[in-house]
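In what follows, a single structure is set out as structure tokens and then discussed.
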Amino acid sequence: MISVSSSILQHWVIILLWPLTRVLGVVAIAPILSHSAIPNQIKLGFGLVITLIIIPTLPSIPDFDVFSFQGLLALVQQMIIGLAIGFSMRIVFSAVEIAGQLIGMTMGLGFASFYDPQSQGQSTAISQFLLLVASLVFLSLDGHLLIISAIAESFMTMPIGSQATGVDAMKLVSWGGQIFSSGLLLALPAVAALLITNMALGILTKTAPQLNLFGIGFPVTLTVGILIIVLTLPGMLKPLENMIEQGVRNMNQVMVR
């Protein structure tokens, strides 16, 4: 007859709980995996499956008491590490969303914004379109598999319970600043073309004041904006790939060693 003592049961809980906490931290914030359209039950099941696959490859886990202060600190540490890894890739999609916001506002679609349940804020149609394009590029590069690989490697470079590792907050802050610069670079062709269009409309209004600027301005800027997006969309693929590859590298560099 097999007997299971409380110490053995606690050891099993520790082996599952701490890796699962880090994996769920990544799933909670990483792109695609954290989408609000995916039910929480599926996210939890996905995290549990990934954890069960990773557990046999893990180094030895410290046998802390789950309900002790040291065990609580280890649990919080795993959650912070997981969130930091997922945030490193989330920056890429935030930059794409800002690019769509800049293009949409310049086109005059600011009044056509709607609530986005994923970002829990206002978003334009152009922003959602670019996010879909970025998601397809992300999946075509096997980005979801790269995230899982980064999680597995993080347990080797950042072992559970190790006191020599921690989140490099300055790196996260500096990468957060890339949201604005990368978003502006993606939106720059469309914004420049729309700026020239608005300047031309302004000159036309001065030379012919009888023209209704609001009647002809909005269709012109909307048409030019859509045309520029169609023409520049193939050229956006390479920058998107570079940003995603940079995000993958960032996932492995968020920790202080």
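Points to keep in mind about this one:
- Which of L227, L186, L204, L20 has the fewest Cβ neighbours within 10 Å, and the rest in rising order: L227, L204, L20, L186
- Listed by Cβ neighbour count within 10 Å, with the fewest neighbours leading, V49, V137, V23 appear as V49, V137, V23.
- Least to most buried among M79, M236 (fewest other Cβ within 10 Å first): M79, M236
Read-outs throughout are calculated quantities, based only on the coordinates presented, and are distinct from any laboratory measurement. Owing to the predicted nature of the structure, the values given are computational and were not obtained by experimental measurement. A quick note on method: Cβ atoms are made from the backbone with ideal geometry, for glycine too, and the neighbour counts reach across all protein chains shown.
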